[in-house]
1. Residues in region 127-137 that are aromatic (Phe, Trp, Tyr) and surrounded by 10 or more Cβ atoms within 10 Å (Cβ to Cβ): how many?
2. Would you please list the contacts, defined by Cβ atoms under 8 Å and residues six or more apart or on different chains, that run from a residue in region 119-148 that is within 29 Å of residue 103 (Cα to Cα) to a residue that is surrounded by 10 or more Cβ atoms within 10 Å (Cβ to Cβ) and among the acidic types (Asp, Glu)?
3. Sort through 109, 126, 96, 119 and tell me the only one that's part of a loop (DSSP other than H, G, I, E, B) and basic (Lys, Arg).
4. For region 128-143, state whether one or more residues are of a type outside the set (Phe, Trp, Tyr) and under 25 Å from the mean Cα position of the chain (by Cα).
5. Taking the criterion of being within 19 Å of the chain's Cα centre (by Cα), without any contact (Cβ under 8 Å) to a residue 60 or more places away in the chain and closer than 30 Å to residue 197 by Cβ, would at least one residue in region 156-173 satisfy it?
6. Which one of these does residue 187 not meet: (1) surrounded by fewer than 13 Cβ atoms within 10 Å (Cβ to Cβ); (2) touching an Asp or Glu at 6+ places or on another chain (Cβ under 6 Å)?
7. For region 207-250, give me each residue that is in contact with a helix residue (DSSP H, G or I) (Cβ under 9 Å, 6 or more places away or on another chain) and under 30 Å from residue 274 (Cβ atoms).
8. Which residue is nearest to residue 88 (Cα to Cα), if the candidates are limited to region 241-282 and must be of a type in the set (Phe, Trp, Tyr) and part of a helix (DSSP H, G or I)?
Amino acid sequence: MICKLLGRALTAAILLSSAACMPSWLSDPLLQAPTITPPSATGLNLTSLPPPLRSVDIAVYNFPDLTGQNKPNDNIAEYSRAVTQGGAAFVVDALRRAGNGSWFRVVERAGLADVLQERQLIRATRTEFAPDNVKPLPPVRFAGLIVEGGILAYDANTITGGLGARYLGIGGDVKYRRDIVTVGMRIVSVQTGEVLDSVTVTKTIYSVALDSSTYRYTALNKLLAVDAGITRNEPTQMAVREAIELAVYSTVMEGVRRGLWRFRDPTVGRHLVEEYLLRDKGDVPVEAVAQVPAGEVVVAAKN
């Protein structure tokens, strides 16, 4: 017996010493390496858009959370926000990926103060140390369009429910909850201040919990009970990202319909607009795509 105890103690000491020598990233079996966020189906459609006749300069100042909602919790008061506060970053990313970067040239506006301060530092350094014939800094690129809007609403527990059954000690149940997030986006002309395009996108967020249990009498006075369960919550920030991507995709299609811009290949563009109307807007009669004279994009601005 003593030999067995000594052997177990020795084995435990060896395991502890080997674990101490292991790298920290290997000691935790649940730790996973970071990965690049995989694209959604809407994001893939946005990236695969055919190129436009000409790229459009566009600016994003802010895309705020206008919901005023905190995280839903039935037990305690939550002070964390229900949706992400970084909507502008998602908008910039979606605009940059439209048509694999061919549709929009996004200019920096959220960090414009940092850009101007850095340019001022460059000028001051050149004034003191650079020769007199150094070339001046190029002008800051301006935009012909501004993206406005935000995350408009977050409705939690719009539908809740569940179902369960047990028979002879064996059974399970499922519970689900549905939330809805709404995103609004509009395109504003810098020259006139007119709202050229406006879209609203709604994304459903589902949360599902599965539980199962069983119990058996293994003996007269011995009861064996086994419980298992899993919960699946769709990340809210991913739902917001998909809604914003669809808003950008819809903005492109609605702009083509209204003649704000056009595809380089009109035939392909008309086919995509027809698919968009039938798939994303229901059974809507396909209107004629506005024709823009060749070489002209109505809302593009030149520096």
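1. Here the count works out to 0.
2. 141/57; 142/57; 143/57; 144/57; 145/57
3. None of the others qualify; the one that does is 109.
4. Yes, region 128-143 contains at least one residue that is of a type outside the set (Phe, Trp, Tyr) and under 25 Å from the mean Cα position of the chain (by Cα).
5. Quick first cut of region 156-173, residues within 19 Å of the chain's Cα centre (by Cα) only: 156.
Pick out the ones that are also without any contact (Cβ under 8 Å) to a residue 60 or more places away in the chain and you get none.
No, region 156-173 has no match at all.
6. Here residue 187 clears every test but (1).
7. 240, 241, 242, 243, 244, 245, 246, 247, 248, 249, 250
8. Selected residue: 249.
The values are calculated or read from the model by the stated rules, or taken from the named source; none is laboratory data. None of these values were measured; they are calculated from a predicted model. Every residue, glycine among them, receives a Cβ derived from its backbone with ideal geometry; neighbour counts consider all protein chains shown.
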